[in-house]
Amino acid sequence: MRKKVIFRGVALPYLLLVPQLAVTIVFFFWPAGMAVWQSTLRQDAFGLRTEFVAFENFLDLFGDALYLNAAWNTVIFSSSVAALALGAALFLAVQADKQIRGAGLYKTLLIWPYAVAPALAAVLWLFIFHPSIGLVGRAFGAIGIDWDYRVNGGQAMTMVVIAAAWKQVSYNFIFFLAGLQSIPTSVLEAAAIDGARPFRRFWTVIFPLLSPTAFFLLVVNLVYAFFDTFGVIHALTRGGPGNATETLIYKVYVDGVQNLNFGSSAAQSVILMVIVIALTAVQFRFIERRVHY
Amino acid sequence: MPTATIDVEALAAASRRRKARERFLTHLALILGIAVFALPIWITIVGSTHDTDTIGRGDVPLLPGTEAIHNYTTAWFQGGGGRNTFAVPASTMLWNSLVMAILIAVGKIAISLLSAFAVVFFSFPLRMVFFWMIFITLMLPVEVRIIPTFQVMTDLGLIDTMTGLTLPLIASATATLLFRQFFLTIPDEYVEAAKVDGAGPLRFFKDVVLPLSTTNIAALFVILFIYGWNQYLWPLLMVSNRDLETVIVGLTKMIGIGDTQNEWNLIMTTAVFALLPPVAVVVLMQRWFIKGLTETEK
């Protein structure tokens with residue numbers, strides 16, 4: 001797609017592109033290239049000698065129990081976050097779409113958590129679930145539940161999922177509500193006249209019409225849970241206790257920044273890049289199709 | 001027939017009752033939803049008005065206390081809260097976050113306007129190659145190239161500088177795509193008219209394209225300001241000089257591993273500070289926010 005009428009210019013268009021391209025090359029392509037190159041290298045324990053090992057870093061990762069654990073944690077974490085955030089948002093959007101007084105106010109009160117940083121969401125939930133200063137954390141203790149997310153891996157995972165999903169509900173809510181409001185009322189009236197009860201109407205008429213939005217949001221939520229939740233995990237659990245909440249992103253950070261294992265960290269980066277490319281491709285293929293909807 | 005009339009009235013009354021019950025349940029569900037959203041915020045705001053001991057003892061207060069002024073002035077001017085970190089005043093951290101968020105938002109918008117303008121209104125060799133080079137950065141978020149990007153920053157001597165904190169984040173495929181999409185809708189007649197009037201491309205950019213783009217710029221600014229304010233991993237890596245500390249990272253450093261002995265009231269006060277600017281932007285600029293959100297994701 002392009003315009004028929006354009007300006008003539010020889011140097012000007014390049015000059016206009018220079019700032020964007022310079023930043024892109026220096027801070028995106030160069031480091032990404034280095035990641036690929038470093039993923040084929042290995043340093044000895046003292047950082048004195050570096051040798052070329054081809055795919056060995058990758059092969060080692062797939063045999064590494066800790067890496068597989070991080071991959072499994074990522075699957076559990078991402079699917080839980082997506083399910084919780086999408087389910088809650090859909091429920092609230094259906095309620096807010098009804099003809100009721102105060103709908104505008106409800107909407108405002110439901111969208112502001114979008115502005116909360118993932119790490120800050122984690123801190124807010126820490127104030128709730130902390131075993132000795134948190135409201136719910138202490139209540140759990142009082143009724144005899146042995147609650148301490150700092151030592152119990154399952155509880156830690158529950159907490160990071162809640163904090164990460166809580167922040168994402170607003171985003172999904174906005175899109176679900178927009179989707180609901182774009183369904184023609186004639187369709188809904190026809191279903192009502194046919195005598196379909198509200199619950200049945202929702203699953204047989206409304207939900208199928210929402211499915212493009214739902215699928216789009218599923219991809220966005222998975223991308224969010226994969227890549228944007230580093231702050232939640234770093235602020236709450238630091239990947240612990242005992243690697244119980246260590247996800248793939250968190251492990252790149254730990255291996256690169258703390259363990260200084262550059263070859264392995266770079267190999268993990270390359271694997272993540274492949275995952276992002278796959279998810280982005282799915283997203284765009286789908287959006288191409290959504291145009292016809 | 002009197003019986004039929006009664007039936008109709010009874011039916012109407014039953015239907016009204018059912019409608020009223022449905023409405024009540026809808027309000028109830030929404031209020032519960034909002035309560036779940038607001039609970040952590042309420043606890044945090046209330047906590048920021050009590051003294052350290054009240055919270056440290058674990059008597060979680062549900063109603064505001066009397067220490068608000070003391071807590072807010074202490075956090076603003078002195079900082080503190082964590083036991084094991086050197087305190088940074090909240091005012092310093094908020095200022096750094098504000099500068100970072102504005103530089104990132106303005107920078108992204110500026111360079112994206114220019115590159116989208118070049119791609120749409122000119123024809124030149126390698127045009128689409130450049131466009132795809134920008135587009136592909138969508139697939140390289142900083143999280144997946146942490147170490148190499150850090151090494152590049154070290155080579156360039158940008159560690160612990162505001163430039164290092166913001167410059168790498170201003171490349172933007174989404175903003176470029178959005179502006180490109182919008183520029184394509186500007187009618188060809190405008191360009192022709194500009195040419196007839198003898199206006200060059202830069203004049204056209206300044207007098208036609210920019211004024212037409214103001215709504216898009218405002219919508220994008222809201223989204224990007226929040227994006228910038230909420231940065232976490234990048235400032236965590238780039239900043240060790242605490243004078244450059246941003247508020248979200250600074251807050252989690254205060255908490256450390258969640259030591260019970262922390263001055264939780266000051267931590268909660270700082271959390272309120274960190275929360276206010278982006279939430280205010282979303283609530284006050286709601287219309288642009290929703291526009292920006294739904295359009296950048298297309």
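The values are calculated or read from the model by the stated rules, or taken from the named source; none is laboratory data. This structure is a prediction, so every number in the text was calculated from the model and none was measured. Because the Cβ atoms are built from the backbone with ideal geometry, glycine has one as well, and the counts that use them run over all protein chains shown.
Results for (1) among the acidic types (D, E); (2) surrounded by fewer than 20 Cβ atoms within 10 Å (Cβ to Cβ); (3) part of a helix (DSSP H, G or I), shown as yes or no for each residue.
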position: A:L209; (1), (2), (3): no, yes, yes
position: A:N221; (1), (2), (3): no, no, yes
position: A:N243; (1), (2), (3): no, yes, no
position: A:E246; (1), (2), (3): yes, no, no
position: A:S269; (1), (2), (3): no, no, yes
position: A:L272; (1), (2), (3): no, no, yes
position: A:I275; (1), (2), (3): no, yes, yes
position: A:A278; (1), (2), (3): no, yes, yes
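Being more than 30 Å from A:D255 (Cα to Cα), buried (at least 23 other Cβ atoms within 10 Å of the Cβ) and not hydrophobic (A, V, I, L, M, F, W, C) narrows it down to one residue among B:G58, B:G80, B:G47, B:G107; which is it?
Selected residue: B:G47, the only one of B:G58, B:G80, B:G47, B:G107 that is more than 30 Å from A:D255 (Cα to Cα), buried (at least 23 other Cβ atoms within 10 Å of the Cβ) and not hydrophobic (A, V, I, L, M, F, W, C).
Please go through the range B:24-80 and pick out each residue that is among the hydrophobic types (A, V, I, L, M, F, W, C), over 26 Å from B:T92 (Cα atoms) and over 26 Å from the mean Cα position of the chain (by Cα).
Across the range B:24-80, the qualifying residues are B:F24, B:L25, B:L28, B:A29, B:V60, B:L62, B:L63.
Here is a check on your reading of the model: is B:F86 among the aromatic types (F, W, Y), in contact with a Lys or Arg (Cβ under 8 Å, 6 or more places away or on another chain), farther than 30 Å from A:L16 by Cβ and surrounded by fewer than 20 Cβ atoms within 10 Å (Cβ to Cβ)?
For B:F86, the condition - among the aromatic types (F, W, Y), in contact with a Lys or Arg (Cβ under 8 Å, 6 or more places away or on another chain), farther than 30 Å from A:L16 by Cβ and surrounded by fewer than 20 Cβ atoms within 10 Å (Cβ to Cβ) - is met.
Identify all residues within the range A:243-271 that are under 20 Å from the mean Cα position of the chain (by Cα) and at the interface with chain B (Cβ under 7 Å from one of its Cβ atoms); write none if there are none.
Those that are under 20 Å from the mean Cα position of the chain (by Cα) and at the interface with chain B (Cβ under 7 Å from one of its Cβ atoms): A:I249, A:V252, A:Y253, A:S269.
I need a count of the residues in the range B:248-264 that are assigned to a helix (DSSP H, G or I), within 10 Å of chain A (Cβ to nearest Cβ) and not charged (D, E, K, R).
Matching residues across the range B:248-264 total 7.
Could you name every one of the helices (runs of 4 or more DSSP H) located completely within the range B:133-194 that has at least 2 residues being among the aromatic types (F, W, Y)?
Helices (runs of 4 or more DSSP H) meeting the threshold: B:173-183.
If you take the residues of the range A:98-116 that are more than 7 Å from every other protein chain (Cβ to nearest Cβ) and part of a loop (DSSP other than H, G, I, E, B), which of them is surrounded by the most Cβ atoms within 10 Å (Cβ to Cβ)?
Filtering first and then ranking leaves A:G102.
Consider A:G195 against the criteria (1) in a helix (DSSP H, G or I); (2) over 23 Å from A:A164 (Cα atoms); (3) without any contact (Cβ under 8 Å) to a residue 60 or more places away in the chain: it satisfies all of them except one. Which criterion is unmet?
Of the numbered conditions (1) in a helix (DSSP H, G or I); (2) over 23 Å from A:A164 (Cα atoms); (3) without any contact (Cβ under 8 Å) to a residue 60 or more places away in the chain, the odd one out for A:G195 is (1).
So which residues in the range B:125-148 are at pLDDT below 85 and at the interface with chain A (Cβ under 7 Å from one of its Cβ atoms)?
If the condition is that a residue be at pLDDT below 85 and at the interface with chain A (Cβ under 7 Å from one of its Cβ atoms), then B:T137, B:L138, B:M139, B:L140, B:P141, B:E143, B:V144, B:R145, B:I146, B:I147, B:P148 are the ones that fit.
Matching residues to (1) more than 7 Å from chain B (Cβ to nearest Cβ); (2) in a helix (DSSP H, G or I):
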| site | (1), (2) |
| --- | --- |
| A:V18 | yes, yes |
| A:L21 | no, yes |
| A:I25 | yes, yes |
| A:F28 | no, yes |
| A:A32 | no, yes |
| A:V36 | yes, yes |
| A:R42 | yes, no |
| A:D60 | yes, yes |
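Just a yes or no: is a residue in the range B:168-180 more than 8 Å from chain A (Cβ to nearest Cβ), among the charged types (D, E, K, R), closer than 20 Å to A:Q20 by Cβ and surrounded by fewer than 21 Cβ atoms within 10 Å (Cβ to Cβ)?
yes
Suppose we filter the range B:218-247 for residues that are surrounded by 18 or more Cβ atoms within 10 Å (Cβ to Cβ) and in a helix (DSSP H, G or I); how many remain?
So the count comes out to 19.
Any residue in the range B:208-234 that's more than 16 Å from A:I111 (Cα to Cα): show its pairings with residues that are modelled with pLDDT under 90 and of a type in the set (D, E, K, R) at Cβ separation under 7 Å, as long as the two are six or more apart or on different chains.
B:L233/B:E143
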